[in-house]
Amino acid sequence: MTSFPYQNVTLELVQGDITKLDVDAIVNAANSSLLGGGGVDGAIHRAAGPELLQECRLLQGCKTGDAKMTKGYRLPARHVIHAVGPVWHGGQQNEPALLASCYQRSLTLVTEASLTSIAFPNISTGIYGYPKDKACQTAVAAVTGFVGGDSALKRIVFACFDSENFALYERALSLLR
Ligand code: ADP
């Protein structure tokens, strides 16, 4: 784990499984049905147990770029924020704004709930095909652009599953000042 103090928060970088993290909220890279899928979505539903899907069924889906919060059930995390990232179509279909919106909406939800810690996966960089370097730049810009206001939020974790994402975030976060 590497920590990068930034304004009034600590940005943390970890490599590994987001379902293991003890934070107030983990973010799920969900699809718009919110009814489960592969990748990190499947891992979160498996670790949280079937009650998570039951609650998700009540939410009636989620638009791309938006996010909705549920409880965390059997996860160490108290809440799950289901954010729907864009599918990469080449970059001309509003993908950067939609990806940034996932991070902003998730941070808004934790702030409104007065939570102190959140962990993000690398949204859209798996099955949805978003180039990892571009996604990293957008994620870091969205998160650093959000912090600084009056909020209980203290820890923002970037949970990178693969070493390519980890290296990209290590570089991007170390360049912040
Ligand atoms: P998307 O459909 O948004 O691309 P994926 O789940 O396919 O979602 O991939 C998003 C990112 O989550 C990828 O970088 C993938 O390597 C990563 N990932 C997969 N499983 C986990 C996990 N258990 N914890 C954290 N990240 C994960």
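Where residues in region 98-124 are of a type in the set (A, V, I, L, M) and in contact with a helix residue (DSSP H, G or I) (Cβ under 9 Å, 6 or more places away or on another chain), which of them is nearest to Gln15 (Cα to Cα)?
Going through region 98-124, the residues of a type in the set (A, V, I, L, M) turn out to be 98-100, 107, 109-110, 113, 115, 118-119, 123.
Checking the rest, the ones that are also in contact with a helix residue (DSSP H, G or I) (Cβ under 9 Å, 6 or more places away or on another chain) come to 99-100, 107, 115, 118-119, 123.
On the way: Leu99: 21, Ala100: 21, Leu107: 21, Leu115: 23, Ile118: 15, Ala119: 12, Ile123: 15 Å.
The extreme case among them is Ala119.
Of the residues Gln60, Gln104, which single one is open to solvent by 50 Å² or more (accessible area, probe 1.4 Å), polar (S, T, N, Q), over 21 Å from Lys132 (Cα atoms) and modelled with pLDDT of 95 or more?
Working: Gln104 fails: over 21 Å from Lys132 (Cα atoms).
Among Gln60, Gln104, only Gln60 is open to solvent by 50 Å² or more (accessible area, probe 1.4 Å), polar (S, T, N, Q), over 21 Å from Lys132 (Cα atoms) and modelled with pLDDT of 95 or more.
Hey, any hits in region 24-43 for a residue that's hydrophobic (A, V, I, L, M, F, W, C), in a helix (DSSP H, G or I) and crowded, with 21+ Cβ neighbours inside 10 Å? Working first, answer last.
Within region 24-43, the first condition is being hydrophobic (A, V, I, L, M, F, W, C), and the residues that meet it are 25-27, 29-30, 34-35, 40, 43.
Narrowing the set further to residues that are in a helix (DSSP H, G or I) leaves 40, 43.
Add one more test, that the residue is crowded, with 21+ Cβ neighbours inside 10 Å, and what stays is 40.
Yes, the conditions are met somewhere in region 24-43.
Tally up the residues in region 18-34 that are near the ligand (Cβ under 8 Å from one of its atoms) and polar (S, T, N, Q), please.
2
Outside any loop (DSSP other than H, G, I, E, B) and of a type in the set (A, V, I, L, M): is that true of Ala119 in this structure? It would help to see each step written out before you state the result.
Details: outside any loop (DSSP other than H, G, I, E, B): yes; of a type in the set (A, V, I, L, M): yes.
When the stated conditions are applied, Ala119 passes them.
Can you find a residue in region 5-17 that is within 9 Å of the ligand (Cβ to nearest atom), touching a helix residue (DSSP H, G or I) at 6+ places or on another chain (Cβ under 9 Å) and of a type in the set (Gly, Ala, Ser)?
No, because not a single residue in region 5-17 is within 9 Å of the ligand (Cβ to nearest atom), touching a helix residue (DSSP H, G or I) at 6+ places or on another chain (Cβ under 9 Å) and of a type in the set (Gly, Ala, Ser).
Here is a yes/no grid of residues against (1) surrounded by fewer than 17 Cβ atoms within 10 Å (Cβ to Cβ); (2) under 14 Å from the mean Cα position of the chain (by Cα); (3) farther than 23 Å from Val23 by Cα:
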{"residue": "Met69", "(1), (2), (3)": "no, yes, no"}
{"residue": "Glu95", "(1), (2), (3)": "no, no, yes"}
{"residue": "Leu98", "(1), (2), (3)": "no, yes, yes"}
{"residue": "Leu109", "(1), (2), (3)": "no, yes, no"}
{"residue": "Ala139", "(1), (2), (3)": "no, yes, no"}
{"residue": "Gly149", "(1), (2), (3)": "yes, no, no"}
{"residue": "Ser163", "(1), (2), (3)": "yes, no, no"}
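From the list Leu115, Leu175, which residue is more than 11 Å from the ligand (Cβ to nearest atom) and open to solvent by 60 Å² or more (accessible area, probe 1.4 Å)? Walk me through how you get there before you give the answer.
Details: Leu115 fails: open to solvent by 60 Å² or more (accessible area, probe 1.4 Å).
Answer to the check: Leu175.
Are any of the residues in region 95-114 assigned to a loop (DSSP other than H, G, I, E, B) and over 23 Å from Ala172 (Cα atoms)? Spell out how you get there, then give the answer.
Taking region 95-114 as the starting set, the residues that turn out to be assigned to a loop (DSSP other than H, G, I, E, B) are 113-114.
Narrowing the set further to residues that are over 23 Å from Ala172 (Cα atoms) leaves 113-114.
Looking through region 95-114, at least one residue is assigned to a loop (DSSP other than H, G, I, E, B) and over 23 Å from Ala172 (Cα atoms).
Among the candidates Lys132, Lys71, single out the residue that is within 13 Å of the ligand (Cβ to nearest atom), touching a Leu at 6+ places or on another chain (Cβ under 8 Å) and of a type in the set (Lys, Arg). Before the answer, list the steps.
Numbers: Lys71 fails: within 13 Å of the ligand (Cβ to nearest atom).
Every option except Lys132 fails the conditions.
Run down Val143, Val157 and say which single residue is buried (at least 19 other Cβ atoms within 10 Å of the Cβ) and part of a helix (DSSP H, G or I).
Numbers: Val157 fails: part of a helix (DSSP H, G or I).
Val143 is the lone residue from the list that is buried (at least 19 other Cβ atoms within 10 Å of the Cβ) and part of a helix (DSSP H, G or I).
The values are calculated or read from the model by the stated rules, or taken from the named source; none is laboratory data. Note that the structure is a prediction, hence the values are computed from the model and not measured. Cβ sites come from the backbone with ideal geometry, for glycine too, and all protein chains shown count toward neighbours. These area figures cover heavy atoms from the full protein model, side chains too; ligands, DNA and RNA do not enter into them. Shrake-Rupley method; radii C 1.70, N 1.55, O 1.52, S 1.80 Å.
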